[in-house]
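One structure is given below, encoded as structure tokens.
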Amino acid sequence: MIIVIRKDAGKDKLEKLQNWLKACGVTPHVSVGERQTIVGCIGDVSQIDEGRLSAMTDVVASIKRIQEPYKAVNRQFHPQDTVVEIPVKDGPPLKIGGGNFQVIAGPCSVESEEQVVAIARAVKAAGATLLRGGAFKPRTSPYAFQGLREKGLEILSIAKKETGLPIVSEIMDPRDLELFEDVDVLQIGARNMQNYELLKEVGSHSKKPVLLKRSFSGTIKELLMSAEYLLASGNPNVMLCERGIRTYETATRNTIDLTVVPLLHRKSHLPVIVDPSHATGVASLVQPLSMAATVIGADGLIVEVHNDPPHALCDGAQSLTPESFAETMKGIANVRPFACR
Ligand code: PEP
Ligand code: MN
């Protein structure tokens, strides 16, 4: 970090600033030029509160970061890809990242045992390796179906027993962690990407893989900072998930820029999963986007599949039928050899 000092700031103020920086744990290096005085900060600049620093307007003219504010998720400090491992009963763990690609599939919401088990069997037969299903649902309307909650998690466990597929389900409240004992991957949804208390609790009380979804309005930096919360509090098993962001466009549910996949891979060592269902909101767009995401180098996909989309309690319009999911899996397999990574 480089701090440009105001021309009219006297020695006293500069000294005060240096002491403050030292107290933050960094070493300030002052260079006095003919036109400008700058202070270079050496050490762990993540300890510097940039808001407070920029408020010191009597001495600070401008601040230039030369390092990203995230450390644990930063590829600079961890050059190898993180490979997240998901335990599988009676078999080797499933790997995601570092060239290992997996497809997570299942309904948006758990509706009944019959529904989830039938979908789990179908997606497994088509090649999916993990089952998704929401038991606690974050809905825009308080009058909409909120999920089967504990009962929903029990149903997912039954489907896991029946098929052997590990399960992915969204956690919204850290007080529910105990209920998620049999869940293999904790999903933190778009609406909670910046719920820092949830991130800290999940990070410090669980070592289970976490699928962290980008929020509607989250920048790439904010997504990485949220992942940093999980790693900094003790859980290194994090997967980033791009599910599109909100723009002025209304033709699709969200807008997705797939550049995010190679970009995140450059900035971070964490696996990147793409959610073509929430990104588009349109079932017929899910296959082409899945194939494109595969080619651009995603480490996995999370796809919504329902056995009766018109009657789904949530997200029917974007849900594939088991048949169209099987077609999509063929398309993905066809393009996998051309994947960028
Ligand atoms: C979901 O996966 O069903 C979901 C609610 O996703 P998001 O948090 O991305 O909206
Ligand atoms: Mn959904």
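The values are calculated or read from the model by the stated rules, or taken from the named source; none is laboratory data. Computed from a prediction, not measured in an experiment: that's the story for all the values here. Neighbour counts run over all protein chains shown; Cβ positions are idealised from the backbone, glycine included. Each accessible area value is taken on the protein alone, full model and side chains, heavy atoms only, with ligands, DNA and RNA left out. Shrake-Rupley method; radii C 1.70, N 1.55, O 1.52, S 1.80 Å.
Just a few scattered comments:
- Candidate set: the range 293-314, residues that are of a type in the set (Val, Ile, Thr) and outside any loop (DSSP other than H, G, I, E, B); chosen: the one farthest from ligand 2 (Cβ to nearest atom): Val295
- You will find that of Gly203, Gly218, the residue that is within 14 Å of the chain's Cα centre (by Cα) and either on the phi > 0 side of the Ramachandran plot or assigned to a helix (DSSP H, G or I) (or both) is Gly203 and no other.
- Test for Lys330: is it modelled with pLDDT of 95 or more, basic (Lys, Arg), out of contact with any helix residue (DSSP H, G or I) (no Cβ under 8 Å at 6 or more places or on another chain) and more than 13 Å from ligand 1 (Cβ to nearest atom): yes
- Among the residues of the range 254-267, none qualifies, meaning not one is away from ligand 1 (no atom under 16 Å from the Cβ), over 17 Å from the mean Cα position of the chain (by Cα) and part of a loop (DSSP other than H, G, I, E, B).
- Look at (1) under 11 Å from the mean Cα position of the chain (by Cα); (2) open to solvent by 50 Å² or more (accessible area, probe 1.4 Å); (3) within 16 Å of ligand 2 (Cβ to nearest atom); (4) hydrophobic (A, V, I, L, M, F, W, C) and you find that Leu211 fails only one, number (2).
- Filtered residue count, the range 228-251, keeping only those that are open to solvent by 40 Å² or more (accessible area, probe 1.4 Å) and free of Cβ contacts under 8 Å to residues at least 60 places away in the same chain: 8
- Hey, Ala317 part of a helix (DSSP H, G or I) and touching a Lys or Arg at 6+ places or on another chain (Cβ under 6 Å) or not: no
- Only one of the listed residues (Ser290, Ser284) is of a type in the set (Ser, Thr, Tyr), without any contact (Cβ under 8 Å) to a residue 60 or more places away in the chain and open to solvent by 10 Å² or more (accessible area, probe 1.4 Å). That residue is Ser284.
- Where strands (runs of 3 or more DSSP E) fall entirely within the range 21-92, those with at least 1 residues that are at pLDDT 95 or above are at 60-64, 84-88.
- Candidate set: the range 315-341, residues that are within 22 Å of Val84 (Cβ to Cβ) and not hydrophobic (A, V, I, L, M, F, W, C); chosen: the one nearest to ligand 2 (Cβ to nearest atom): Arg336
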